[in-house]
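What follows is a single structure, written as C-alpha cells, with notes after it.
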Amino acid sequence: MIAHVSSWVLPITGPPIREGAVIVDQGRIARVGPGAEVLRGFTGPVEDHGNGAILPGLVNCHVHLEFSALAGTVPPQIRWEDWLDEALDGYGGLSAEEVEAGVVRGIEAVHASGAALAGEVTNTGISLPHLENSPLAYHLFYECLGFDLLEPVDLEEIFPFLGQAAAEASSPVSAGAHAPYSVSAPLFRAIGAWNQARRRPQTVHLAESRGEEEFLATGDGFFRDLLLRRGRRVGDFQPPNLAPAAYLDSLGFLHDATLAVHGVWLSLEELDRLRRTGAWLVLCPRANRYTGAGTPHVQQMLESRVNLALGTDSLAGNWDLNLFGEMLWLYRHYPAAPGELWLRLGTINGARALERSDEFGSLEPGKRAALGFVLLSGDGDFWGELFAAGAEGRFRWIS
C-alpha cells in the first residue's frame with residue numbers, strides 16, 4: 001500500500017478536498033479523503049506531491065488515431081467541406097507504415113496528456129493491437145460505412161473485423177456508424193442490433209455540418225456530390241425529410257448506449273430528443289473550430305440537460321489530443337458555468353458514456369488507481385490554472 005498526498009485531491013463525485021490523500025493498494029484505490037483522516041494509523045510509504053491536484057485519469061470519448069500521421073499537414077479551415085476533402089486526400093496518400101506509426105504516436109499523446117481511457121474510432125482496426133499493448137484503456141468502435149447497402153445486412157460478413165475482434169463476451173469492441181449521410185437505413189439497423197445483442201455502446205457523427213440537415217431534407221447538396229464522387233450514391237434515394245437526430249431516432253438508433261459526436265447544428269428540439277432518449281452527446285469544440293464545422297451551442301446543451309462528455313477527434317482536425325485543451329476552451333467561453341463541470345465531462349461522464357464507470361472516471365474505493373497530478377502555483381483561479389496547466393503539458397502520472 002502507498003499513500004499519495006497533495007494540496008488538493010479531486011475525487012469528481014464529491015467536492016475538492018484540501019490537503020487530501022489517496023491510498024492505493026495493489027493498483028486499486030483503497031481510501032480517499034482529507035489527509036489527516038486517511039493517514040491516521042497508516043504505516044506504509046507516503047508520497048507527498050506538493051502543491052497541485054491529484055485527479056483521476058481523463059476519459060477521451062472520441063479520437064481517430066488512424067489520422068495521427070496527418071498531424072500538421074491539414075491546416076485549419078473556414079469551411080468544413082474543404083477540411084473533409086483535404087483530410088480524405090491526405091489520408092489516401094499515406095502508406096500503411098505511416099498510418100501505423102501515427103497510431104503509435106497518437107496513443108502516446110493521448111495517454112501522456114492525461115487520458116486513462118479513450119473511445120477509439122477506426123476504419124481498419126489497425127490500432128487494436130497497439131492499444132492492447134499500451135497503458136491506455138480503450139473502447140474501440142469499428143466504423144461502418146455503406147450508404148449503398150440497401151438490403152438487410154449481415155454485419156460480420158461485410159465487416160469481418162467485427163467477427164474476429166469482438167468474439168469474446170467482454171471484448172471492448174463495438175460496431176460504429178459513421179454518419180447519416182454515409183450509412184444506409186438497413187446498415188444503421190444492423191449496427192444497432194449487433195451492439196444491442198452484445199450490450200455494447202455505439203457511436204455516430206451527428207449534425208457536424210449544416211449540409212447533413214440539407215441532405216436528409218432534400219437529398220441534395222455537398223453530400224449528394226460526395227457520394228457521387230465516391231461511387232456510393234443511390235439513384236432513387238428518397239430523403240426522409242427529418243432532422244438528423246429525428247432520423248436516427250426513427251431507426252431506433254438513439255438510446256442510452258449511443259454516443260452522438262459533435263452535434264454542432266442540433267436545434268433545441270433535437271437536443272430535447274437526445275435528452276429524452278438518454279443518448280450521450282460528445283463535444284469536441286476545438287476540433288469543430290479547427291475544421292470549420294462551427295461552434296457548438298453549449299449553453300443550449302446545458303439548458304437542455306443532455307448527457308455530455310468530451311473528445312478531441314483527430315490530429316487531422318485538431319491542434320493536439322489533449323483533453324485539457326477542450327476543458328480550457330469551454331471554461332473560457334462559458335465562465336458562468338462552474339469550472340468543475342468541465343472536469344466532470346472529461347472524467348466520470350466519459351466513463352459512464354463508455355460504460356466503464358466501475359473502473360474509471362473518479363477517485364473512489366475499488367476503482368483502478370489511474371491517478372494523475374497537475375502541478376499548480378496556487379495563485380489566482382483554481383480551475384482556470386488547472387485546465388491551463390494540463391493543456392500546457394504539466395500533467396504527470398503518479399499511479
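The values are calculated or read from the model by the stated rules, or taken from the named source; none is laboratory data. Being a predicted model, the structure only gives us computed values, none of them experimental. Using ideal geometry, Cβ is built from the backbone for each residue, glycine included, and neighbour counts are taken over all protein chains shown.
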Fill in: So residue 151, is it touching a His at 6+ places or on another chain (Cβ under 9 Å) and either part of a loop (DSSP other than H, G, I, E, B) or surrounded by 15 or more Cβ atoms within 10 Å (Cβ to Cβ) (or both)
no
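Let's see how each residue does on (1) modelled with pLDDT under 95; (2) in the same structural domain as residue 203 (by TED's automatic domain parsing); (3) closer than 19 Å to residue 212 by Cβ; (4) in contact with an Asp or Glu (Cβ under 6 Å, 6 or more places away or on another chain):
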{"site": "139", "(1), (2), (3), (4)": "no, yes, no, no"}
{"site": "148", "(1), (2), (3), (4)": "yes, yes, yes, no"}
{"site": "170", "(1), (2), (3), (4)": "yes, yes, no, no"}
{"site": "173", "(1), (2), (3), (4)": "no, yes, no, no"}
{"site": "177", "(1), (2), (3), (4)": "no, yes, yes, no"}
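Select, from 47, 97, 66, 120, the only residue that is over 22 Å from the mean Cα position of the chain (by Cα), touching a residue at least 12 places away in the same chain (Cβ under 8 Å) and not in a loop (DSSP other than H, G, I, E, B). It would help to see each step written out before you state the result.
Numbers: 97 fails: touching a residue at least 12 places away in the same chain (Cβ under 8 Å); 66 fails: over 22 Å from the mean Cα position of the chain (by Cα); 120 fails: over 22 Å from the mean Cα position of the chain (by Cα).
On inspection, the qualifying residue turns out to be 47.
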Worksheet entry | Subset of region 34-59 [among the acidic types (Asp, Glu) and over 30 Å from residue 354 (Cβ atoms)] | 37, 48
Worksheet item: Does residue 34 qualify as being surrounded by fewer than 17 Cβ atoms within 10 Å (Cβ to Cβ) and at pLDDT 95 or above?
Response: yes
Worksheet item: Among the residues of region 227-250, how many are closer than 15 Å to residue 178 by Cα and touching a helix residue (DSSP H, G or I) at 6+ places or on another chain (Cβ under 8 Å)?
Response: 4
Worksheet item: Between residues in region 292-317 that are surrounded by fewer than 24 Cβ atoms within 10 Å (Cβ to Cβ) and residues that are of a type in the set (Asp, Glu), which pairs lie under 6 Å by C-beta distance while being six or more apart or on different chains?
Response: 304/272
Item to complete: State which residue is nearest to residue 298 (Cα to Cα) when the search covers only region 237-268 and only residues that are among the hydroxyl-bearing types (Ser, Thr, Tyr) and crowded, with 16+ Cβ neighbours inside 10 Å.
Response: 267
Worksheet item: Inside region 341-393, can you point out the residues that are of a type in the set (D, E, K, R), out of contact with any Pro (no Cβ under 6 Å at 6 or more places or on another chain), over 15 Å from residue 330 (Cα atoms) and modelled with pLDDT of 95 or more?
Response: 352, 356, 358, 359, 364, 367, 368, 392
